[in-house]
Amino acid sequence: MSPLNRIAVTSPTGKSSAWQLALFGGEPLFVEHFCVGRPNLPPFETYAKLMREAFDRRWLTNRGPLVQRFEDEIACRTDARHCIAVANATLGLQIAAVAADVRGEVILPAFTFIATAHAFRWVGIEPVLADVQYQTHQLDPASVVDRWTDRTGAIVGVHLWGETCDVEALEEIARERGVPLLFDAAHAFGCSYRSKQVGNHGLAEVFSFHATKFINCFEGGAICTNDDAFASRVRSILNFGFRDGEATAMVGTNAKMSESSAAMGLATLEQMEEIIAHNRKVYDLYSESLTGQKGVQLYPYQTSESRNYQYVVLEVNPMLSELSRDEIVRVLALENIIARKYFAPGLHRHEPYASGSTGQVHVPVTDALCQQVFLLPTGTAVSIEAAQQIGQVLRTVLDHAGTIASRLRSVRA
Ligand code: T4K
């Protein structure tokens, strides 16, 4: 594993008293920003060695040996029959939609990253936004049924945070109505549903290997499927529509992964188990720091399934917490702990959806979660010591919520 970043800590023993907080004039806990999404970096030499091979071969893209090796690795780790590397997950979703010949509308959750909706809109398919379940944050099958029309051409489940959505219920709805089921599995590489790896459900599952994901290719993604004909269409579409030879069989695009991206992916994959173990340790430390706190809780992962723990998600219960989510995020930011309010606002509040009929949709759970959820930094850029310090600051903030709330509100007044 690459050396963890050493960030100078200005309060070496941490901050256990409210008066040490930057809000009350203390020095920020960290001298530089701790962000959500810092990449997990493999040793540079591992990446360089793979790139040396690419240089020696003078083979840089168009499904070169490194991309093939990367695809084999992903197929092996997921047990999927086909793994097709792509330039990023957004293009992967677009290609999956075209390869599945989806038309009309797709039903997908309002609580997800904007790319889930944009990918379909980009290829002329209208996203219809369904709500999610409060406990799980995942697409609510009842809301999917509620949104059904005769224009519905597919369902798109999202495995948000690397937890899995209700695959079985969505499969049943899709099967009964005869439409394809696709999964945005951008967060869920290395995760399982009922002991079967993500990559094997629905017609296809699309992973992201963006720099901010726990396995990264700088930019990258993969489409996994067990359907031979679909896989062959995907391979063709991502390469201008070429199929075995010089003539194209269909309209296509360019979504090929480069050898340099595959080298990064292969180098990071070598550390996959270590990264997950580190993420889990950081998650557990944050969890310990929240022991006994009623107003803020950690998003619970299903421990009986494999999970990658690449997101540390917290929920602020407005009925029980004296501080709002935004106030907590603000106090942490003063300590240079940059939490993220993913994925607020909900998709229905982003253009072009907000001003169209999609924006009129009633998704109360999404709206509530968008006010309550925030993410803390994790990954190998956050050392165990830093995670302990962040956890302690969070605990101090919550233990002194009343004092902090008064201070924030008096500053605002
Ligand atoms: N579906 C879902 C559910 C997704 O979450 C995503 C992507 C997709 C589909 C589409 O996958 P791709 O087409 O991207 O493969 C980031 C990522 O850009 C995006 O890939 C990701 N989800 C999303 C959750 O996060 P932003 O707008 O938050 O990125 P940004 O620039 O604010 O970066 C996040 C943090 O990471 C910053 O605090 C800084 C840090 N960072 C970022 C980069 C790129 C670094 O430290 N180093 C870096 O190189 O979207």
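The values are calculated or read from the model by the stated rules, or taken from the named source; none is laboratory data. Remember, predicted model here, so these are calculated numbers, not experimental data. Every residue, glycine among them, receives a Cβ derived from its backbone with ideal geometry; neighbour counts consider all protein chains shown. Side chains included, ligands, DNA and RNA excluded: accessible areas come from the protein's heavy atoms. Shrake-Rupley method; radii C 1.70, N 1.55, O 1.52, S 1.80 Å.
Hey, can you find the accessible area per residue of the stretch 44-269 for me, probe 1.4 Å, expressed in square angstrom?
Result: 40 Å² of accessible area for each residue.
Gain in length, Val411 to Thr248, computed as 0.36 nm per residue apart minus the alpha-carbon separation, to one decimal in nm?
Result: 52.2 nm gained on full extension.
Hey, what do the phi angles of the stretch 289-302 turn into as Karplus ³J(HN,Hα) couplings, whole Hz, using 6.51/-1.76/1.60 and θ = phi - 60°, x for Gly and Pro?
3J(HN,Hα) across the stretch 289-302, in whole Hz: 5, 9, 3, x, 7, 9, x, 10, 9, 7, 4, x, 8, 6.
Could you list which residues have their amide H under 5 Å from that of Ala130, counting only those 5 or more apart in sequence or on another chain, with H placed in the peptide plane?
It is Leu108, Ala110, by chain and number.
Got a sec to turn the phi values of the stretch 32-45 into Karplus ³J(HN,Hα) couplings, 6.51 cos²θ - 1.76 cosθ + 1.60 with θ = phi - 60°, whole Hz, x for Gly and Pro?
Using θ = phi - 60°, the values come out as 9, 4, 9, 10, 6, x, 5, x, 7, 9, x, x, 4, 4 Hz.
Give the residue list of trypsin sites (Lys or Arg not before Pro) in the stretch 137-176 that are DSSP loop and have at most 14 other beta-carbon atoms within 10 angstrom.
Those satisfying the criteria are Arg151.
Which aspartates and glutamates have a Cα less than 13 Å from the Cα of Lys49, not counting those fewer than 8 places away in the same chain?
Glu259
Mind jotting down the distance between the C-alpha centroids of the stretch 363-386 and the stretch 264-317, whole Å?
Here the two parts' Cα centres lie 11 Å apart.
Check cross-link reach from Lys196 to the lysines: straight Cα distance under 30 Å, and skip same-chain residues fewer than eight apart.
Straight-distance partners of Lys196: Lys213, Lys256, Lys281.
Could you give the length gained by full extension between Tyr134 and Asp101, i.e. 0.36 nm per residue of separation minus their alpha carbon distance, to one decimal place?
Length gained between Tyr134 and Asp101: 8.7 nm.
Taking θ as phi - 60°, what are the ³J(HN,Hα) couplings along the stretch 242-258 by the Karplus curve (6.51, -1.76, 1.60), each to the nearest whole Hz, with x for Gly and Pro?
Those phi angles translate into 5, 9, 6, x, 9, 9, 8, 9, 6, 6, x, 9, 10, 10, 6, 7, 8 Hz.
Which of the GluC sites (Glu not before Pro) found in the stretch 221-323 are loop residues per DSSP with 11 or fewer other Cβ atoms within 10 Å of their Cβ?
Glu246
Per 0.36 nm of contour for each residue apart, how much would the distance between Ser16 and Trp59 grow if the chain were fully extended, relative to their Cα-Cα spacing?
My answer for the length gained is 9.9 nm.
How high is the relative contact order of the stretch 44-269, in percent, counting Cα pairs under 8 Å that sit 6 or more residues apart?
27 percent
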